[in-house]
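The values are calculated or read from the model by the stated rules, or taken from the named source; none is laboratory data. Computed from a predicted structure; not experimentally measured. Cβ coordinates were reconstructed from backbone atoms using ideal geometry, including for glycine residues, and neighbour counts include every protein chain displayed.
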Amino acid sequence: MIHVTFFGDVMRESASYIGYDQLKIQSDLINEDDKALLRYEMLREQIVTKENIESVSERYGYSSRHFFWCRDRFREYGLVGLVDKPPGPKRPHKIKPDVERKILYYRKKNLSIYDVSDELKKDGIDITPKSVDNVLNKHHKPKKKRGRKPNK
């Protein structure tokens, strides 16, 4: 049985080291799909065995750059730092009702989505033509001819 204790940033082990492969054989709790556990074991193995970072990280399917990223995340956040964050936006991208009203107002002037976006930028509202298009689709407004009008 392994007993690992933490002293600041350094892990010390009181028994002989058992590698990740041996842990997989001895325990059904080890899952190769658990990235956080895999990353933790990679860090642990390098610290305990004092082996080259490149060879340890390669054994676990990571680059040495990823090893350093894991080490820094572990130092700053602990085990939670080794868990992947969910992909996608962190907050909803909602267009406020007053901006929607302005988009519909400019569309009544027969402007394209690009021209509407430009007009809103002049008003201090940073919005992409695609977002303008999404609002118009939401309100079932027909699309205008694609492309910008030539500058006069």
Task: Residue list for the range 102-141, filter: among the polar types (S, T, N, Q) and in a helix (DSSP H, G or I) - done: SER117, SER131, ASN134, ASN137
Task: Count - residues of the range 113-151 that are small (Gly, Ala, Ser), more than 20 Å from HIS93 (Cα to Cα) and at pLDDT 90 or above - done: 0
- [ ] Would you check which residues across the range 79-99 are part of a loop (DSSP other than H, G, I, E, B) and closer than 30 Å to LYS138 by Cβ and list them?
- [x] LYS85, PRO86, PRO87, GLY88, PRO89, LYS90, ARG91, PRO92, HIS93, LYS94, ILE95, LYS96
TODO: Inspect the range 70-77 for any residue being surrounded by 12 or more Cβ atoms within 10 Å (Cβ to Cβ) and either farther than 30 Å from GLU41 by Cα or not assigned by TED's automatic domain parsing to the domain that holds ILE47 (or both) and give the result as yes or no.
DONE: no
- [ ] Any residue in the range 60-78 that's in a loop (DSSP other than H, G, I, E, B): show its pairings with residues that are surrounded by 12 or more Cβ atoms within 10 Å (Cβ to Cβ) and modelled with pLDDT under 95 at Cβ separation under 7 Å, as long as the two are six or more apart or on different chains.
- [x] TYR60/LEU38; TYR60/MET42; TYR62/MET42; SER63/SER57
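For (1) surrounded by 12 or more Cβ atoms within 10 Å (Cβ to Cβ); (2) modelled with pLDDT of 85 or more; (3) more than 30 Å from SER131 (Cβ to Cβ), each residue gets a yes or a no:
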site: ILE2; (1), (2), (3): yes, no, yes
site: PHE6; (1), (2), (3): no, no, yes
site: SER16; (1), (2), (3): no, no, yes
site: TYR20; (1), (2), (3): yes, no, yes
site: ILE25; (1), (2), (3): no, no, yes
site: ASP33; (1), (2), (3): no, no, yes
site: ARG39; (1), (2), (3): yes, yes, yes
Task: Top-ranked residue of the range 80-105 - restricted to ones that are touching a residue at least 24 places away in the same chain (Cβ under 8 Å) and under 30 Å from ARG39 (Cβ atoms), ranked as surrounded by the most Cβ atoms within 10 Å (Cβ to Cβ) - done: LEU82
- [ ] Tell me which residues, restricted to the range 53-68, are closer than 14 Å to ALA36 by Cβ and either surrounded by 15 or more Cβ atoms within 10 Å (Cβ to Cβ) or touching a Cys at 6+ places or on another chain (Cβ under 7 Å) (or both).
- [x] TYR60, TYR62
